[in-house]
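The values are calculated or read from the model by the stated rules, or taken from the named source; none is laboratory data. Keep in mind that this is a model prediction, so the values were computed, not measured. FYI the Cβ positions are ideal-geometry reconstructions off the backbone, even for glycines, and counts take in every protein chain you see. Remember, those area values only see protein heavy atoms, side chains included, never the ligands or the DNA or RNA. Shrake-Rupley method; radii C 1.70, N 1.55, O 1.52, S 1.80 Å.
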Amino acid sequence: MNVSTRTRYALRMLVDIAAFQDSGKVKIRDISVRQDISVKYLEQIVTLLSKADIVRGERGPQGGYVLTRPASEITVAEVVCEIEGTVAPVPCIKDGQVECERKNRCTTVDMWMRIEKAVMDIMSQTTIQDLLDDANAKGIIRIQDCPADYVI
């Protein structure tokens, strides 16, 4: 399994929103600066996340994005499956089912199924809040280091 850049950036974006939304709606351009991801790419990703009801946005000068529910309730599995569609390591496995004419005589199918299950278990048990807590523990995200964006 190779997770796409879009999925990796979506997770970074969600952690960023979780970290900064207590100060108000989080702007795409601020995420872009902090995460070093282009605004255009983030706009594509946020559209997917909005359609999946993971984030909610508001347009305008005071606009931005917030999570639709607590970060502790949004799993990595939910985000990855929304963007990737599947985490199966081989194309013959879809949603925990083998879709292959050789499934009854395949020597590797059980291993691939165990790998998919292990990955899904880890991602289902990991939330955006877990990623944020880990980033905070490592000093990766330090809210106090980010200047406030005041509008007068």
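Taking the criterion of being within 13 Å of Pro70 (Cα to Cα), part of a helix (DSSP H, G or I) and aliphatic (A, V, I, L, M), would at least one residue in the range 29-42 satisfy it?
no
Within the range 64-79, restricting attention to residues that are among the hydroxyl-bearing types (Ser, Thr, Tyr) and assigned to a strand (DSSP E or B), the residue that is surrounded by the most Cβ atoms within 10 Å (Cβ to Cβ) is Tyr65.
State the number of residues belonging to the range 39-63 that are open to solvent by less than 70 Å² (accessible area, probe 1.4 Å) and modelled with pLDDT under 95.
3
Selection of first residues in the range 39-51 that are more than 13 Å from Arg12 (Cα to Cα) and in contact (Cβ under 8 Å) with a residue 12 or more places away in the chain and of second residues that are acidic (Asp, Glu) and open to solvent by 10 Å² or more (accessible area, probe 1.4 Å), restricted to Cβ pairs under 9 Å at least 6 apart or on distinct chains, gives the following pairs, ordered by first then second residue: Leu48/Glu82. Filtering the range 28-38 to residues that are open to solvent by 60 Å² or more (accessible area, probe 1.4 Å) and in contact (Cβ under 8 Å) with a residue 24 or more places away in the chain leaves only Arg34. Total residues in the range 58-89 satisfying the condition of being touching a Lys or Arg at 6+ places or on another chain (Cβ under 8 Å) and without any contact (Cβ under 8 Å) to a residue 12 or more places away in the chain: the figure is 1.
Apart from one condition, Ala18 fits all of (1) surrounded by fewer than 19 Cβ atoms within 10 Å (Cβ to Cβ); (2) more than 30 Å from Thr108 (Cα to Cα); the exception is (1).
In the range 82-124, what residues are part of a helix (DSSP H, G or I) and surrounded by 16 or more Cβ atoms within 10 Å (Cβ to Cβ)? Correct list: Glu82, Ile83, Glu84, Val109, Trp112, Met113, Ile115, Glu116, Val119, Met120, Met123.
Taking each residue of the range 93-113 that is free of Cβ contacts under 8 Å to residues at least 40 places away in the same chain and closer than 20 Å to Ala77 by Cβ and looking for partners that are open to solvent by 70 Å² or more (accessible area, probe 1.4 Å) and charged (D, E, K, R) with beta-carbon atoms closer than 9 Å, six or more apart or interchain, yields Ile93/Glu99; Gly96/Lys117.
Within the range 66-109, the residues that satisfy the criterion of being hydrophobic (A, V, I, L, M, F, W, C) and under 14 Å from Leu49 (Cβ atoms) are Val66, Leu67, Ala71, Ile74, Val76, Val79, Val80, Cys81, Ile83. Can you spot a residue in the range 125-146 that is small (Gly, Ala, Ser), touching a helix residue (DSSP H, G or I) at 6+ places or on another chain (Cβ under 8 Å), more than 14 Å from Ala19 (Cα to Cα) and open to solvent by less than 100 Å² (accessible area, probe 1.4 Å)? Checked the range 125-146: no residue is small (Gly, Ala, Ser), touching a helix residue (DSSP H, G or I) at 6+ places or on another chain (Cβ under 8 Å), more than 14 Å from Ala19 (Cα to Cα) and open to solvent by less than 100 Å² (accessible area, probe 1.4 Å).
Checking Gln35 against (1) within 16 Å of Leu131 (Cα to Cα); (2) modelled with pLDDT of 95 or more; (3) touching a helix residue (DSSP H, G or I) at 6+ places or on another chain (Cβ under 7 Å); (4) not basic (Lys, Arg), which test does it fail? Failing condition for Gln35: (2).
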